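Have a look at the structure below before the remarks.
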Amino acid sequence: MTRNIRNLLVTGGAGFIGVNFIRWLFDQPDAPERIVNFDKLTYAGNPLSLLDVAEQYPDRYVFIHADICNAAAVRDAIQTHRIDAIAHFAAESHVDRSIVAPDDFIQTNIIGTYTLLEAARQHADQIRLFHHVSTDEVYGTLGPTGFFTEETPYAPNSPYSASKAASDHLVRAYHETYHLPTTLSNCSNNYGPYQFPEKLIPLIILNALEGKPLPVYGDGLHVRDWLYVTDHCAAIWQIMKHAQPGTIYNVGGRNELPNIRVVETICDLLDTHAPPLPNGAPRRSLITYVKDRPGHDRRYAIDCSKIERDLHWTPAQTWESGFAKTIRWYLDNSAWCQQVRSGEYQNWIATHYG
């Protein structure tokens, strides 16, 4: 099957993956006629990442500053812009923050998803697809062998992953109970341009450039599968265009690495491509092991053979090519990094959106 999506609502489109999805989508020949970015602009939402898109596509790109928990605002967006598909990215996503303060995760990830589903159900004659973007963390942790599949039982171990698991179950229930046309994807760790620097890869890149300590949890041997963000964007669009309603897909990069190897790789690439540290020391000397976080899942690994088989999607980037592209982007976009780390983007938001 092939869906013709004309007016797409993207929730959380000012966040890391949402920004990349919108930017990537406008370059595709089958892009929607209109993309409506619906974002609350929390600390990790940066509309400056899409200013050039707004200028280039003034008749096709719309930004709405609103909370997905605001049912009236969601309904108004769907009605006003004749939305026929929803790509739901909006979520609180940082595990460490969920451990310290779970409240926002429960509100946004569970109540926000419920609010969107209800709005979509109320416009069932209009909405052709509701796609929900989730995480492999809902499955819990793996031992040294094996992979998460779409049939792996849920066993979330953090408030973040528990809130995402709850939202996944809501999406499935709305399809089964109300026949809402939904699809769902659980992805591995994304990386690439425009990522907020609290996450591992941009944090390590920026700290290493400035000669600051590079914190590594525990023994550094926690394993993650790394997925380059535009590979993820392509997978989501394949699902939205071609997957049967009710289908769930795992999306992975087939790049399984321990965290310490990720950090060491970044250090070595920066030693090659960036100016040396003032003292001439290799950047690996900045690595600092810190106390492990509570409930830290030991290993994630995705079996993405279902989406490869059904939709003919495969990741284009290896970890070597993806890391090189990512580091080059951060080196070439120091102004963006400065805006985010200094909080300048928040001043811009306050000026334009109060």
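What the table below lists for this structure:
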{"quantity": "Residue match in the range 55-76 (condition: assigned to a helix (DSSP H, G or I), out of contact with any Lys or Arg (no Cβ under 6 Å at 6 or more places or on another chain) and closer than 19 Å to Pro193 by Cβ)", "calculated": "yes"}
{"quantity": "Exclusive hit being surrounded by fewer than 22 Cβ atoms within 10 Å (Cβ to Cβ) and within 15 Å of the chain's Cα centre (by Cα), set Arg60, Arg75, Arg97, Arg23", "calculated": "Arg23"}
{"quantity": "Pairs, first buried (at least 20 other Cβ atoms within 10 Å of the Cβ) in the range 312-341, second charged (D, E, K, R) and not in a helix (DSSP H, G or I), C-beta under 8 Å, six or more apart", "calculated": "Pro315/Arg254"}
{"quantity": "Hits in the range 179-203 (condition: in contact with a Cys (Cβ under 8 Å, 6 or more places away or on another chain) and either part of a strand (DSSP E or B) or over 20 Å from Arg23 (Cα atoms) (or both))", "calculated": "none"}
{"quantity": "Among residues of the range 82-112, those that are of a type in the set (Gly, Ala, Ser), within 20 Å of Glu198 (Cβ to Cβ) and at pLDDT 95 or above, counted", "calculated": "2"}
{"quantity": "Strands (runs of 3 or more DSSP E) completely within the range 240-303 that count 1 or more residues being under 27 Å from Val133 (Cβ atoms)", "calculated": "248-251, 256-258"}
{"quantity": "Residue tally, condition outside any loop (DSSP other than H, G, I, E, B) and farther than 19 Å from Asp136 by Cα, over the range 310-322", "calculated": "5"}
{"quantity": "Filter result (of a type outside the set (Gly, Ala, Ser), closer than 22 Å to Thr230 by Cα and surrounded by 14 or more Cβ atoms within 10 Å (Cβ to Cβ)) within the range 42-57", "calculated": "Asn46, Pro47, Leu48, Leu50, Val53, Tyr57"}
{"quantity": "Positions within the range 4-17 being in a loop (DSSP other than H, G, I, E, B) and either within 16 Å of the chain's Cα centre (by Cα) or buried (at least 17 other Cβ atoms within 10 Å of the Cβ) (or both), in sequence order", "calculated": "Ile5, Gly12, Gly13, Ala14, Gly15"}
{"quantity": "Search result, residues across the range 21-80 that are among the aromatic types (Phe, Trp, Tyr) and at pLDDT below 95", "calculated": "Tyr43"}
{"quantity": "Residue list for the range 18-46, filter: aliphatic (A, V, I, L, M), under 15 Å from Ile86 (Cβ atoms) and in a helix (DSSP H, G or I)", "calculated": "Ile22, Leu25"}
{"quantity": "Conditions (1) at pLDDT below 95; (2) on the phi < 0 side of the Ramachandran plot: number failed by Cys267", "calculated": "(1)"}
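The values are calculated or read from the model by the stated rules, or taken from the named source; none is laboratory data. Quick caveat: nothing in here was measured; it's all calculated off a predicted structure. All Cβ positions, even for glycine, are placed from backbone atoms using ideal geometry, and neighbour counts span all protein chains on display.
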